[in-house]
1. Using the Karplus curve 6.51 cos²θ - 1.76 cosθ + 1.60 with θ = phi - 60°, work out ³J(HN,Hα) for each residue of segment 233-245 in order, rounded to whole Hz, and write x for Gly and Pro.
2. With all pairs of different alpha carbon atoms counted, what Kirkwood hydrodynamic radius in Å does segment 146-270 show?
3. Using a Gaussian network model of the chain whose springs link C-alpha atoms within less than 10 Å, name the residue from Met78, Met91, Met212 with the highest mean-square fluctuation.
4. Just tell me the longest site-free run in the chain, where the sites are GluC sites (Glu not before Pro) in a DSSP loop having at most 13 other beta-carbon atoms within 10 Å.
5. Assign one of three labels to segment 4-132, namely rounded, prolate or oblate, based on the Cα gyration tensor with a ≥ b ≥ c the square roots of its eigenvalues; rounded applies when a/c is under 1.5, prolate when it is not and a/b is larger than b/c, and oblate otherwise.
6. Distance check, please: which entries in Lys43/Lys102; Lys21/Lys214; Lys59/Lys214; Lys161/Lys186; Lys21/Lys59 exceed 19 angstrom between their Cα atoms?
7. For segment 241-282, just say rounded, prolate or oblate: build the C-alpha gyration tensor, square-root its eigenvalues into a ≥ b ≥ c, call rounded for a/c under 1.5, and beyond that prolate if a/b exceeds b/c, oblate if not.
8. With the cut-off at 1.5 for a/c, could you classify segment 41-116 from its C-alpha gyration tensor as rounded, prolate or oblate?
Amino acid sequence: MPELPEVETVRRGLAPYIVGKTIRDVEVLDARSLKKDSVKHFKSTLAQRRITGIERRGKFLWLILDNSPNVVVVHLGMSGQVLLEPHSSQMHSHVRINIALKNASREIRFRDQRLFGGLHLDTLQGDIPASVSHIAPDFFDTRFDLDSVLKTLSKRTAGIKSLLLNQNIISGVGNIYADEALWLAKVHYLTPGNRLSKSRLETLLLSAQEVMAKAIKAGGTSFDDLYVNVNGESGWFELELNAYGREDEPCSRCGRLIVREAWSNRSSYRCPRCQPKPRTAR
């Protein structure tokens, strides 16, 4: 699933091209990608609206429309892609929604193979869509409060990886960047939050921020063609991963082989030497 760096890459790719453009037409090819709206209402709300901005919190994007109480919230899900493609080009079979812009050679095409992502209309609570308001600020949000997050984590008995993935505590972190941050901070994913000192928790959070900042510069992580940027290009941060996807490869820090372990219906990658199991983990 695309995480914060991938979604931010998409936002940065869209912004210079679509902000200031007026929507000429909306074509809904598969209504299943409209998660909360009828086709008629969605199309009529967007028609002739000018896009004045595109914002992000965590893994959510939204388009701001002029003279409208509505915004368009976009969630990529497992395989969603937002592409800028020439209006003359043939549409891929997985394009679900197509948004044509006035005086523009390219269209916004939402492509989604697995149909877990989608678009929906929403209204703002302050400057955040109502459906996203429960999502915590991410590391790059000016409202991110490091001290508050540290206090929350230090009181929790759950394993630290599950806490990193809790979007109500910190948004934008998924499996890939959690494993990378834990490797960088030398923390085992099962270590309870309340067993880590404030300094270690802070090191872990700053490690996550560092990893994701580097991933944004690299255009995100692409293991397959399910995540690409708006031009259809893959991100190359995979080349810089130290733990995730590196099973049976030597740890770049100590040389011990990275292991892959089953965790919460998915996998975790770690170095057994750098990230030993907590003594009381069950």
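Any read-out appearing in this document is the output of simple, stated calculations on the displayed coordinates, not a laboratory observation. These numbers were taken from a predicted model, which means no experiment stands behind them. Here Cβ is always computed from backbone atoms with ideal geometry, including for glycine, and neighbour counts include all displayed protein chains.
1. 9, 7, x, 10, 5, 3, 5, 10, 5, 9, 10, 4, x
2. Mean inverse Cα-Cα distance, inverted, gives 15.1 Å.
3. In this elastic network of the chain, the residue with the biggest mean-square fluctuation among Met78, Met91, Met212 is Met91.
4. Free of exposed loop sites, the longest segment is 1-232.
5. rounded
6. Checking Cα-Cα distances, Lys21/Lys214; Lys21/Lys59 exceed 19 Å.
7. Oblate, since a/c reaches 1.5 and b/c is not below a/b.
8. oblate
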